[in-house]
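This report refers to the structure that appears directly beneath it.
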Amino acid sequence: AKAPVNVTVTGAAGQIGYALLFRIASGQLLGADTPVRLRLLEIPQAIKAAEGTAMELDDCAFPLLAGVDIYDDPRKAFDGVNVALLVGARPRTKGMERRDLLEANGGIFGPQGAAINDGAADDVRVLVVGNPANTNALIAQAHAPDIPADRFTAMTRLDHNRALSQLAAKLNVSVSDIKKLTIWGNHSATQYPDIFHAEVNGRSAVEAVNDEEWLRDTFIPTVAKRGAAIIEARGASSAASAANAAIDHVYDWVNGTPEGDWTSVALPSDGSYGVPEGLVSSFPVVSRNGSWEIVQGLEINEFSRERIDASVRELEEEREAVRALGLI
Ligand code: NDP
């Protein structure tokens, strides 16, 4: 039998954590033949709630679950970690300045990055879900100089899945008929969902849509503002869909993306498509042999260029701000 894979989840007692842990333990994160050991990190006030979730995990009697440990110390939680899902973050509250938000998250993701640097297994893969996810990933990565930078990623898969679903509804096709959609830039309202390279049953999605006004005034804002629309409808932010996207992200990272398609991941830029090196920005990517590779050679038209540049500019501003605060 395979040795268990150590999966650390931060913010384990939160909404996303609750939707995520049971799916990990059931085998959906890594596959039905891979046992997992869950390591939950929480802040001291939330340890009791995490213990409650661990009791429920026990009660599921998942055959693949090799154990659940709960910590309030990142050094212990990340010791030997293979897959780190950084979900817990300081949310922006009403009236909070960006500076305070970045500072609070620097206090979380800096020490977590350092603990991953010192304790993680050689094959560690990190996915940041907690917002501002791209810049939180940048902070963690900057504190982990001994780990290849491309092991630090931030999640734009939920945006990618939202875009797939919106486009499929517009064209009255199944989501599985659509390939090669891309989310570029920051996981924020400036993100750019790009359908210019997308295919619907093998033909151009833009030609199938044939409606630039819909693309500009409906599709892009609907995808970018979907999080707010969920809060408005549900009275709480999306949790199950965010957890689902985290599962998709790690599953593809480990098992590869299907031939003839790609997905979207925010990862440290190598300078591709004019995105300044080191910025954690979303790109079209494939997963091969356990690593993400940015899809190269796509032609970027003026419509896309403008929007990619705007989102990248926002990421540069966030990087400047965390530099000025001494967080990286
Ligand atoms: P959630 O579980 O709902 O969300 C956690 C994080 O995911 C938030 O930063 C949230 O950002 C982000 N997120 C990213 N994408 C999405 C999305 N599409 N939809 C919704 N959220 C998204 O938050 P809870 O408040 O329920 O739980 C957070 C938990 O984290 C708490 O239990 C807290 O104790 C814990 N925590 C743990 C830390 C640690 O382990 N060191 C540090 C800080 C907190 P946004 O707020 O912008 O929606």
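The values are calculated or read from the model by the stated rules, or taken from the named source; none is laboratory data. Note that this is a predicted model, so its numbers are computed, not measured. So basically every Cβ, Gly included, is an ideal-geometry build from the backbone, and we count neighbours across all protein chains shown. For the accessible areas, the whole protein counts, side chains as well, though only heavy atoms, and no ligand, DNA or RNA atoms are used. Shrake-Rupley method; radii C 1.70, N 1.55, O 1.52, S 1.80 Å.
Could you go through region 158-163 in sequence order and give the Karplus-derived ³J(HN,Hα) for each residue, using 6.51 cos²θ - 1.76 cosθ + 1.60 with θ = phi - 60°, rounded to whole Hz, and x for Gly and Pro?
Once θ is set to phi - 60°, the couplings for region 158-163 become 5, 4, 4, 5, 4, 5 Hz.
Where does each of I116, I16 land when they are ordered by accessible area, with a 1.4 Å probe and the largest first? Intermediate results must be reported in sequence, preceding the final value.
On the way: I116 0, I16 35 Å².
Result, largest first: I16, I116.
What does the extension gain come out to for D211 and S272, with contour length at 0.36 nm per residue minus their alpha carbon separation? Could you put the intermediate results ahead of the total?
Details: separation 61, 0.36 × 61 = 21.96 nm, distance 2.91 nm.
Taking D211 through S272 to full extension adds about 19.0 nm, to one decimal.
What longest range of the chain stays clear of loop-exposed trypsin sites (Lys or Arg not before Pro) (DSSP non-H/G/I/E/B, at most 11 other C-beta within 10 angstrom)?
My reading of the result: 95-328 is the longest stretch.
Out of residues 5 or more away from G67 or on other chains, whose amide H comes under 5 Å of its own, with H placed 1.01 Å from N in the peptide plane?
Amide H neighbours of G67, under 5 Å, 5+ apart: L38.
Using only the alpha-carbon atoms, how far is helix 98-119 inclined from the longest principal axis of the chain? Give it as 0 to 90 degrees, nearest 10.
Compared with the principal axis, the helix lies near 60 degrees.
Sequence neighbours fewer than 8 away in the same chain don't count; with that in mind, list the lysines whose C-alpha is under 30 Å from K180.
K170, K225
Mind checking which lysines have their Cα closer than 19 Å to the Cα of K76? Skip sequence neighbours fewer than 8 apart in that chain.
Candidates past the 8-residue exclusion: K48.
From the Cα trace of the chain, what convex hull volume per residue do you get, rounded to a whole Å³?
Values: hull volume 45.2 nm³, N = 328.
Enclosed volume per residue, from the Cα hull, is 138 Å³.
Roll a 1.4 angstrom probe over the protein heavy atoms and tell me the percent of accessible area of the chain that is carbon or sulfur.
Details: 6700 of 14240 Å².
With neighbouring chains kept in place, the figure for the chain is 47 percent.
If the cut-off is 13 Å between C-alpha atoms, which aspartates and glutamates fall inside it for K2, apart from same-chain ones fewer than 8 positions away?
D33
Taking GluC sites (Glu not before Pro) as candidate sites, keep only those in a DSSP loop with at most 16 other Cβ atoms within 10 Å, then name the longest stretch of the chain containing none of them. Could you put the intermediate results ahead of the total?
Details: sites that count: E97, E259, E277, E299.
Counting at most 16 other Cβ atoms within 10 Å as exposed, the longest clean stretch of the chain is 98-258.
Taking the Cα centre of region 116-191 as origin, work out the dipole magnitude from +1 charges on Lys and Arg Cβ and -1 charges on Asp and Glu Cβ, in debye rounded to 20. Write out the running numbers ahead of the final one.
Working: 7 positive and 7 negative charges, 106 e Å.
Once rounded to the nearest 20, the dipole reads 500 debye.
Evaluate the charge dipole of region 32-135 about its Cα centre and quote only its size in Debye, nearest 20, assuming +1 on the Cβ of each Lys and Arg and -1 on the Cβ of each Asp and Glu. Numbers along the way, then the final one.
On the way: 11 positive and 16 negative charges, 107 e Å.
Dipole of region 32-135, to the nearest 20 debye: 520 debye.
To the nearest 20 debye, what charge dipole does the chain have about its Cα centre, counting +1 at the Cβ of each Lys and Arg and -1 at the Cβ of each Asp and Glu? Could you put the intermediate results ahead of the total?
Details: 30 positive and 44 negative charges, 117 e Å.
In debye, rounded to 20, the chain gives about 560.
How high is the relative contact order of region 231-328? Use alpha-carbon pairs under 8 Å, at least six apart in sequence, and give a whole percent. Mind showing how you got there, number by number?
Values: 91 pairs, mean separation 19.5, N = 98.
Relative contact order here is 20 percent.
Accessible area per residue, 1.4 Å probe, Å², for region 27-147: what's the number?
Numbers: 5380 Å² over 121 residues.
Result: 44 Å² per residue.
With each run of n ≥ 4 DSSP H residues scored as -39500 (n - 2.57), what mean residue ellipticity at 222 nm is computed for the chain after dividing by its residue count and rounding to the nearest 500 deg cm²/dmol? Provide the component values of the computation, followed by the final result.
Details: 11 runs with 134 residues, N = 328.
Dividing the helical sum by the residues of the chain leaves -12500 deg cm²/dmol.
Toward the positive end of the charge dipole of the chain, about the Cα centre and with charges on Cβ (Lys, Arg +1; Asp, Glu -1), which of W292, G11, A224 goes farthest?
Comparing the listed Cα positions along the dipole, G11 ranks first.
For S237 and L171, FRET efficiency with R0 = 25 Å and r from the beta-carbon atoms, rounded to 0.05? The partial results should precede the final answer.
Working: r = 28 Å, r/R0 = 1.13.
My answer for the efficiency is 0.30.
Tell me the relative contact order for the chain as a rounded percent, counting alpha carbon contacts under 8 Å between residues six or more apart.
Working: 635 pairs, mean separation 56.0, N = 328.
The value is 17 percent.
Could you check what % of the DSSP bridge pairs in the chain are antiparallel, to the nearest 5? Don't skip to the answer; put the middle values down first.
Working: 19 of 42 bridges.
Approximately 45 percent, going by the DSSP bridge assignments.
For region 1-152, what Kirkwood radius comes out of the mean inverse Cα-Cα distance, in Å? Please list the in-between numbers first.
On the way: mean 1/r = 0.0644 Å⁻¹.
About 15.5 Å for region 1-152.
Run the numbers on region 1-160 and let me know its relative contact order in percent, using alpha-carbon pairs under 8 Å that are six or more apart.
Values: 291 pairs, mean separation 35.1, N = 160.
It comes to 22 percent, rounded to a whole number.
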